[in-house]
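Here's the structure, in structure tokens; my notes come after.
The values are calculated or read from the model by the stated rules, or taken from the named source; none is laboratory data. This structure is a prediction, so every number in the text was calculated from the model and none was measured. Cβ: placed from backbone, ideal geometry, glycine included. Neighbour counts: every protein chain shown.
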């Protein structure tokens, strides 16, 4: 039986809400066996932590005896890394694409040149190492300009982008590189991504997987049922799940 784990949570230290204690309380309510605080760090984003805040977060997490294991993680981009002051103290690195390092002037949200650049960024992200490839087909940096959209409209655009531009040959590159470098593919519960065919391909290649709600508000902590259902449906064993590979869960 697979435990319930949520390895992608944000707090007031970056663009989330609430304290670590709030997340733990909600995690217990949701029956989690393991959780990770993974605030943004090391990218030129307005809402990232600085080093002093990361050190403060480390002191909070490691200085308490919580009822369930709480990992200290960061979410960062290609160039972000753990500073020397915290080597060996950060448990988890999620690498995600939140913007393109070399901006492409997209003519529409479905500009092929833009998404070719995105795909190259994902491959570079995997080569940078880390523990988890975050939301590869979800929460993508859609080139919307000033256009206002709803959550569901953005998710629909992402599904269309994936359908048009993320072909099997690119998926195979991702799966092969992720498996070789032991970088987990995130089952991103908030957007219900990646697509099942992509997950199956990664599973066949021998990839490992992580699960994350990407909760920013405390009410979303532990909302991971979609990911757990995928694990059960595809028969993904514990040996391909990050917490068991790392020994965080037994």
In the range 26-62, the residues that are free of Cβ contacts under 8 Å to residues at least 60 places away in the same chain, closer than 27 Å to residue 231 by Cβ and assigned to a helix (DSSP H, G or I): 28, 61
Answer residue from the range 63-78, given it is in contact (Cβ under 8 Å) with a residue 60 or more places away in the chain and surrounded by fewer than 21 Cβ atoms within 10 Å (Cβ to Cβ) and is farthest from residue 40 (Cα to Cα) among those: 69
Which listed residue, of 158, 172, 153, is under 19 Å from residue 111 (Cα atoms), surrounded by fewer than 17 Cβ atoms within 10 Å (Cβ to Cβ) and either out of contact with any helix residue (DSSP H, G or I) (no Cβ under 6 Å at 6 or more places or on another chain) or at pLDDT 95 or above (or both): 153
Pick from the range 30-55, criterion out of contact with any strand residue (DSSP E or B) (no Cβ under 9 Å at 6 or more places or on another chain) and within 17 Å of residue 216 (Cα to Cα), ranking: surrounded by the fewest Cβ atoms within 10 Å (Cβ to Cβ): 46
Search result, residues across the range 18-49 that are modelled with pLDDT under 95 and over 16 Å from residue 131 (Cα atoms): 43, 44, 45, 46, 47, 48
Test: residue in the range 223-237 that is within 15 Å of residue 10 (Cα to Cα) and without any contact (Cβ under 8 Å) to a residue 60 or more places away in the chain: no
Qualifying residues in the range 202-236 (those that are under 16 Å from residue 1 (Cα atoms) and part of a loop (DSSP other than H, G, I, E, B)) - the one farthest from the chain's Cα centre (by Cα): 235
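Here is a yes/no grid of residues against (1) crowded, with 17+ Cβ neighbours inside 10 Å; (2) in contact with a helix residue (DSSP H, G or I) (Cβ under 7 Å, 6 or more places away or on another chain); (3) outside any helix (DSSP H, G or I):
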site: 80; (1), (2), (3): yes, no, yes
site: 89; (1), (2), (3): no, yes, yes
site: 94; (1), (2), (3): yes, no, yes
site: 104; (1), (2), (3): no, yes, yes
site: 113; (1), (2), (3): no, no, no
Enumeration of residues in the range 119-158 that are more than 14 Å from the chain's Cα centre (by Cα), touching a residue at least 24 places away in the same chain (Cβ under 8 Å) and assigned to a helix (DSSP H, G or I): 119, 121, 123, 124, 127, 155, 157, 158
Qualifying residue in the range 232-250 (condition: surrounded by fewer than 21 Cβ atoms within 10 Å (Cβ to Cβ) and modelled with pLDDT under 95): yes
The range 4-25, subset crowded, with 17+ Cβ neighbours inside 10 Å and in a loop (DSSP other than H, G, I, E, B), residue farthest from the chain's Cα centre (by Cα): 18
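Given the structure, is residue 58 at pLDDT 95 or above, touching a strand residue (DSSP E or B) at 6+ places or on another chain (Cβ under 8 Å) and surrounded by fewer than 19 Cβ atoms within 10 Å (Cβ to Cβ)? Before you say what the answer is, go through the steps one by one.
Values: at pLDDT 95 or above: yes; touching a strand residue (DSSP E or B) at 6+ places or on another chain (Cβ under 8 Å): yes; surrounded by fewer than 19 Cβ atoms within 10 Å (Cβ to Cβ): yes.
It is true that residue 58 is at pLDDT 95 or above, touching a strand residue (DSSP E or B) at 6+ places or on another chain (Cβ under 8 Å) and surrounded by fewer than 19 Cβ atoms within 10 Å (Cβ to Cβ).
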